[in-house]
Amino acid sequence: MKPDPRLLTLAALGALLVSSAFAAPTISRLTPPSGLFSYGDPNPPIVARFLPGQRFDLQATLQPDPGQTIVGVRFLVNGVDVAGPITVVRATVAGLPANTVVASLRAYSHLPPGIHRLTVTTAQLPDGQSKVATGNFEVVALGNAAGAKIKNIIFMIGDGMGIAHRTAARFVAHGVSQGKALAPLAMDTFPITGLVQTTSLNSIVTDSAPGASCYSTGNKNNNNQEGVFPDDTADVFDNPRTEYLGQYLARTQGKSLGIVTTADVFDAAPAAWAVHTANRGAGTGICDQYLDEAARTSNLTVLLGGGRKWFLPSTTAGSARANASDYVLPAELATGWGVPAGTLDPARDLLAGFQTAGFAYAANNTRLRATAAGATKLLGLFALSNMNVALDKIDGRRGNASVVNDYGFPDPPMLDEMTDAALTVLDKNPNGFVVMIEAASIDKQAHAMDTDRWILETLEFDRAIARAKAFAAANPDTLVVITADHECAGVDIIGASVVSNASLAARVTNPASGVAGLRDQVVGVYEAAGFPNYNILADGYPSTTNPDRKMLIGYAGNSDRYENWFSNTRPLRDSQQPFNGSAPLNTYPSDPTRRDTAGGFFIAGQVPGSSAVHTASDIPLSAYGRGAVAFTGTYDNTDVFFKMMAGVLVGTTTTVSKR
Ligand SMILES: [Zn+2]
């Protein structure tokens, strides 16, 4: 049996005891992270992998003995000193010894493929003791492959979308008869499907920040962090960066970047394609960085979603801009990466800033339709925070606009319309583009265990996928990838109601229904479930989400809730919305234990809190178009980045590292 590499051998323990007798600095962190550094195994899986020439920061945390001070930090790759300024700052997280410092060398890159040894050396004064630590990273060999080159990437994230979300959407959209689906979803028609492992750098269960940035950096990040590795300073915008896919392709090939989401644009999945931060919640800084770095690194050309609250000056009603969520980069980081340092400016009019930078602005669907064809850059902000979800948007279009009116945005686009607008603008760049398109509220409504809302979100996503597929069919140098960042809520289809809608409605209004009336007499399992049938209207959505014998969903990652199987007339209150503390939004139920209490039966959660959670299950990925064949099999989420880039970099062995 191979010994656990993390256990010290007796000899190593002896050496450690001897060395500690002669005090020396301690090196507690070396970035990029590696198993070679963390537990000394020379043959662990390589943690950090990069494209040839892809930029990333080198960093180490160095702890001197009491009364000593760190001096003389050097970084070496394969034994050769890395050129460039090394900045040493005080470590500011709690619990570290006095005089602990963080040393950084910014925007390093390495061209030759292979596994490279990263060494940091340091000494302390006045006693002159020194220390060396070694880790490794890999530069992945790409560019030699033959074949046709990918020009455009359409990367589509159904946030939280596991296998069951897809299955449920198919049942609702197309139905099943005599054991067969009557038609496939658009995503079902993609020729290649794989399974993706979603673990993050610091947990088996990821959140959306590292769950999305893995696809755009090729690397693992900690939960709540995107485009950065963890560090030992409290500043959330100074962490060691990794260059994003869009930034790399803007710099080396002149491609454009598009970001489209139904969430607030500061949310984790969109920000994980252009913004580097250890705090996915720092909305003012995140939205500022979109614009501040658009011209210098990302070539951000299209930004569509919600989140207007970050773009309005703090003096405007509905603004959420604040110093506490803003950013200022250390000068050495800004200089190293060639980006503006940012400034604390809650009064900034970011909306005007985008327009000054050449972005056409659309505030609603009518403007979006009128603007896209003539725009070379496009900003669309269709809500103060997260956009209303498909069920409520469609209700609005059908004349029952109470929810979208309550939120004050009665004319929002659907995701397929946003997709069309984004592709229209991005396709104007002859060098090609990368666009991330996210159906964000599959996740948000699964957290809320609001079954019909996440099912319709998945239908909305599938309609956007059909638009992307049509684009790729007409532009065969395009790759379309459909996946998620993680599964949300442990969703699954448990059966169907055995009663009519009228019977269900009567039970829901009867306060005595409870477990007997709404579980034991309603839930049909196995053959009692039969084949639920939904009537789809010309707009692509069901005429009602409460048909007779409706499909029923269970949750494995659930918090406490009441369940009555009936569609919720209103969504849960969205804590991120301005004005949610006043009428009418403050009348919306605040969590799943305050919804369906009359008549519904109580289901005890397996997790604390008031929200269902992400799970660690593998997630499906489907691919269509040029390079799609690479995505068959089972693989790590970071592999997706390298599979995409292998197709983009075909025949580019001389990729240069230029600004
Ligand atoms: Zn989530």
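Details
- Index of the failed condition, Val640 passing every other in (1) over 29 Å from Ile493 (Cβ atoms); (2) part of a helix (DSSP H, G or I): (1)
Here's the yes/no breakdown for (1) in a helix (DSSP H, G or I); (2) touching a Leu at 6+ places or on another chain (Cβ under 8 Å); (3) within 16 Å of the ligand (Cβ to nearest atom); (4) modelled with pLDDT under 95:
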{"site": "Lys393", "(1), (2), (3), (4)": "yes, no, no, no"}
{"site": "Val403", "(1), (2), (3), (4)": "yes, no, no, no"}
{"site": "Pro410", "(1), (2), (3), (4)": "no, no, no, no"}
{"site": "Asp420", "(1), (2), (3), (4)": "yes, no, no, no"}
{"site": "Glu438", "(1), (2), (3), (4)": "no, no, yes, no"}
{"site": "Lys444", "(1), (2), (3), (4)": "yes, no, yes, no"}
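- Residue, nearest to the ligand (Cβ to nearest atom), within region 572-601, restricted to residues that are surrounded by 14 or more Cβ atoms within 10 Å (Cβ to Cβ) and not in a loop (DSSP other than H, G, I, E, B): Leu585
- Within region 466-523, restricting attention to residues that are small (Gly, Ala, Ser) and within 16 Å of the ligand (Cβ to nearest atom), the residue that is surrounded by the fewest Cβ atoms within 10 Å (Cβ to Cβ) is Gly490.
- The condition of being of a type in the set (A, V, I, L, M, F, W, C), closer than 30 Å to Leu423 by Cα and surrounded by 15 or more Cβ atoms within 10 Å (Cβ to Cβ) holds for only one of Phe155, Phe137, Phe75, that being Phe155.
- Within region 132-163, the set of residues being within 16 Å of the ligand (Cβ to nearest atom) and acidic (Asp, Glu) comprises just one member, Asp159.
- Count of region 555-580 residues, restricted to those that are more than 28 Å from the chain's Cα centre (by Cα) and without any contact (Cβ under 8 Å) to a residue 24 or more places away in the chain, is 1.
- Test: residue in region 550-565 that is surrounded by fewer than 18 Cβ atoms within 10 Å (Cβ to Cβ) and within 16 Å of the ligand (Cβ to nearest atom): yes
- Residue that is surrounded by the fewest Cβ atoms within 10 Å (Cβ to Cβ) [pool: residues in region 5-34 that are within 29 Å of Asp639 (Cβ to Cβ) and modelled with pLDDT under 95]: Arg6
- Taking first residues from region 519-543 that are at positive phi and partners that are of a type outside the set (A, V, I, L, M, F, W, C), the Cβ contacts under 8 Å between residues at least 6 apart in sequence or on separate chains come to Tyr526/Gly495; Gly530/Gly524; Gly530/Arg549; Gly540/Arg463.
- Looking across region 224-252, the residues that are over 26 Å from Ile465 (Cβ atoms) and not in a loop (DSSP other than H, G, I, E, B) come down to Val228, Arg241, Thr242, Arg251, Thr252.
- Test: residue in region 613-636 that is of a type outside the set (Phe, Trp, Tyr) and either under 30 Å from Arg308 (Cβ atoms) or more than 29 Å from the chain's Cα centre (by Cα) (or both): yes
- Residue match in region 623-637 (condition: modelled with pLDDT of 95 or more and within 16 Å of the ligand (Cβ to nearest atom)): yes
- When Ser213, Ser177, Ser203, Ser208 are screened for being within 16 Å of the ligand (Cβ to nearest atom), surrounded by fewer than 24 Cβ atoms within 10 Å (Cβ to Cβ) and of a type in the set (Gly, Ala, Ser), only Ser203 passes.
- Scanning region 418-446 for residues that are surrounded by fewer than 24 Cβ atoms within 10 Å (Cβ to Cβ) and either closer than 20 Å to Gly605 by Cβ or among the basic types (Lys, Arg) (or both) yields a single hit, Lys428.
The values are calculated or read from the model by the stated rules, or taken from the named source; none is laboratory data. None of the values given here were measured: they were computed from a predicted structure. Ideal geometry is used to build each Cβ from the backbone, glycine not excepted, and the neighbour counts take in all protein chains shown.
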